[in-house]
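Take a look at the structure below.
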Amino acid sequence: QVQLVESGGGLVQAGGSLRLSCTASRSMFSINYMGWYRQAPGKQRELVATITSGGTTNYADSVKGRFTISGDNAKNTVYLQMNSLKPDDTAVYYCKLVRNWRDYWGQGTQVTVSS
């Protein structure tokens, strides 16, 4: 079993920045990947960014060039640096870890971007 704890959400004005953190209760060694997803009110959960244990990253087109995902294996933590935030980025952001192709989710952290 793996527990994920997210932090770093909050309220920010458009154009601002936030950094989300997700710390896993177990080592990230040998994971398939970790990632960030988000869900806005009335919408389906969508992928934001993922990173493999080898450091390969993948981003949704809507965040490319603005968001950066990174990992710190020593701290069992994955980060999402979000710059140039837009009101459309408002959502609950969830951390996901995949190990042995089993999914583990965090509880979510709210990000609200005001115009």
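The values are calculated or read from the model by the stated rules, or taken from the named source; none is laboratory data. If you're wondering where the values come from, they're calculated on a predicted model, not measured in any experiment. Glycine also receives a Cβ, built like all others from the backbone with ideal geometry; neighbour counts cover every protein chain displayed. Side chains are part of the model used for accessible areas, which takes the heavy atoms of the whole protein and leaves out ligands, DNA and RNA. Shrake-Rupley method; radii C 1.70, N 1.55, O 1.52, S 1.80 Å.
Out of the residues in segment 19-36 meeting the condition of being assigned to a loop (DSSP other than H, G, I, E, B) and open to solvent by 80 Å² or more (accessible area, probe 1.4 Å), tell me which one is farthest from Gly9 (Cα to Cα). If we take residues in segment 19-36 being assigned to a loop (DSSP other than H, G, I, E, B) and open to solvent by 80 Å² or more (accessible area, probe 1.4 Å), then Phe29 is farthest from Gly9 (Cα to Cα).
Being among the small types (Gly, Ala, Ser), more than 11 Å from the chain's Cα centre (by Cα), more than 18 Å from Leu11 (Cα to Cα) and surrounded by 13 or more Cβ atoms within 10 Å (Cβ to Cβ) is the filter here, so list the residues in segment 37-61 that pass it. Matches in segment 37-61: Ser53, Ala60.
Annotation note: of Val113, Val78, Val63, the sole residue that is hydrophobic (A, V, I, L, M, F, W, C) and farther than 18 Å from Ser7 by Cα is Val63.
The residue of segment 67-115 that is modelled with the highest pLDDT, among those that are in contact with a Pro (Cβ under 9 Å, 6 or more places away or on another chain) and not in a strand (DSSP E or B), is Thr90. Scanning segment 93-109 for residues that are touching a residue at least 40 places away in the same chain (Cβ under 8 Å) and surrounded by fewer than 11 Cβ atoms within 10 Å (Cβ to Cβ) yields a total of 2. Scanning segment 62-92 for residues that are within 26 Å of Gly42 (Cα to Cα), surrounded by fewer than 20 Cβ atoms within 10 Å (Cβ to Cβ) and of a type in the set (A, V, I, L, M) turns up just one, Val92.
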